1. What nm value, rounded to one decimal, do you get for the distance between ALA147 and ASN6 when each label is placed 7 Å out toward the C-beta?
2. Ranked highest first by average number of other Cβ atoms within 10 Å, how do 139-149, 168-178, 343-353 line up?
3. Determine the relative contact order of the chain: mean sequence separation of Cα pairs under 8 Å and six or more apart, normalised by residue count, in whole percent.
4. In whole percent, what relative contact order does segment 266-332 give with Cα contacts below 8 Å and a gap of six or more residues?
5. With the cut-off at 22 Å, tell me which of the pairs LYS301/LYS331; LYS283/LYS331; LYS283/LYS323; LYS283/LYS380; LYS49/LYS71; LYS26/LYS323 have Cα atoms farther apart than that.
6. Just to confirm the filter: which chymotrypsin sites (Phe, Trp or Tyr not before Pro) across segment 74-128 are DSSP coil and have at most 12 other Cβ within 10 angstrom of their Cβ?
7. Kindly state, to the nearest 0.05, the FRET efficiency for CYS356 paired with GLU336, given R0 = 35 Å and r defined as their beta-carbon distance.
8. If the viscosity is 1.306 mPa s and the temperature 10 °C, what Stokes-Einstein diffusion coefficient in µm²/s follows for segment 135-285 when Rh is the Kirkwood radius over Cα pairs?
Amino acid sequence: MRFELNIDYPPEKMERSRARMAAWQKFRHVDRVPVQYCVVPRYFAPLFKLRYLDFFHDAETHYHWLLQFAKYRFENIPEDVCTAPAVWVCPYFDNVIPPSGHGGEISWSADETPRAIPVIHTIEEMERFEVAAPDTGLRGTAIKWWAIMKELATQTKVTFNGQPGRVDTGLNVGGLSPHMIAVDLVGEDFYWWILEYPEECHRFLQKITQGEIAAEEHARRLQGLPLTGDSHALAEDSAQIMSAAQFKEFCVPYSRAIFERFGQNERGVHMCGNSTHLHQVLKDDLKMTMFAYFGYMVPPKVAAANLGGISRLMGNLSPMLMKDCSYQQVKQAAHECIEAMGPCGGLLLADGANVCPGTPIESFRAIMDAAEEYGLGEGKLPRENSP
């Protein structure tokens with residue numbers, strides 16, 4: 001075998017995590033709320049003394065490091081992410097695949113995440129924008145790397161505590177809302193363009209939406225998947241500074257078009273920052289079923305009051321608190337999250353959002369300790385066997 005990986009992770013622990021995640025889907029719990037983090041390659045690179053730019057050197061290098069990161073995560077970070085004897089790998093380019101797929105330029109640096117550079121500077125340029133082919137830019141790179149990684153997976157031996165495992169490969173070419181992509185391509189000017197040139201902006205957003213749907217369908221064809229789907233998630237990070245009225249006009253129609261195609265039952269939305277003023281629109285207009293790693297600036301009690309019992313909630317501990325504060329401070333914050341949102345059901349305790357490089361393992365342990373202690377406490381969480 002070309003690659004070999006033995007992961008110290010017992011099957012019974014996987015099964016407990018699998019049961020917790022299944023109960024979470026039904027707004028129930030079996031023993032405690034599940035715990036899972038938005039912890040991505042930029043967190044792991046410094047631990048392996050890897051220059052982040054080198055992570056993107058080629059498909060095989062990328063694959064190798066994704067395996068190493070997964071092993072470290074399973075063995076060291078206490079959470080419920082491992083629910084089967086499998087390592088899941090997917091070409092990963094942070095958040096820049098969609099803007100690159102629409103012709104945007106990408107800035108690369110040694111130890112920072114790649115960033116989209118605005119390439120549209122005038123209304124005239126925006127009006128000339130055309131829908132790109134579904135394999136443009138980094139979308140084409142991701143497709144090529146996925147094909148290579150599929151082959152590498154057949155040359156990989158994975159075991160979990162000596163028992164056979166596997167590598168599953170995936171291809172994700174989207175995940176950002178049309179509005180978020182528009183801001184990547186135009187920059188901050190787009191916020192005032194929607195006020196001064198609304199018709200032109202709507203045409204632009206419609207083209208981006210067409211391109212996103214075409215790219216997702218293309219990726220599904222390559223993977224042999226149906227061209228429509230039951231579950232889809234989008235990031236709306238660029239929208240939390242907008243008013244509810246602006247969000248309804250310039251975000252909802254385009255994200256909803258994508259959800260209607262690929263998220264017919266399950267609709268996840270991620271939004272950093274303080275999104276409190278948009279919760280009603282997310283619930284009523286986008287029909288959100290999961291608020292994924294939502295921003296720590298939303299008070300847990302507010303999230304529970306606005307969305308509890310309707311949308312599953314994934315969040316929302318401050319990443320900075322996790323990185324810089326003591327075990328006891330992190331544990332207390334986690335306890336407050338569970339106390340506020342846990343009784344609603346459907347809570348996955350997590351960061352809000354994106355774990356910072358340098359976050360100590362002690363902080364992850366503090367969060368798990370809070371979850372386990374609360375689960376054994378006063379019985380305020382809706383149990384799996386409840387009617």
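1. 3.6
2. 343-353, 168-178, 139-149
3. 20
4. 32
5. Flagged as over cut-off: LYS283/LYS331; LYS283/LYS323; LYS283/LYS380; LYS26/LYS323.
6. TRP108
7. The calculated FRET efficiency here is 0.95.
8. Answer from the Stokes-Einstein relation: 92 µm²/s.
All of the numbers you see were taken from the coordinates with simple rules; none came from a lab. This one's a predicted model, so the numbers in the text were calculated from it and none came from an experiment. So basically every Cβ, Gly included, is an ideal-geometry build from the backbone, and we count neighbours across all protein chains shown.
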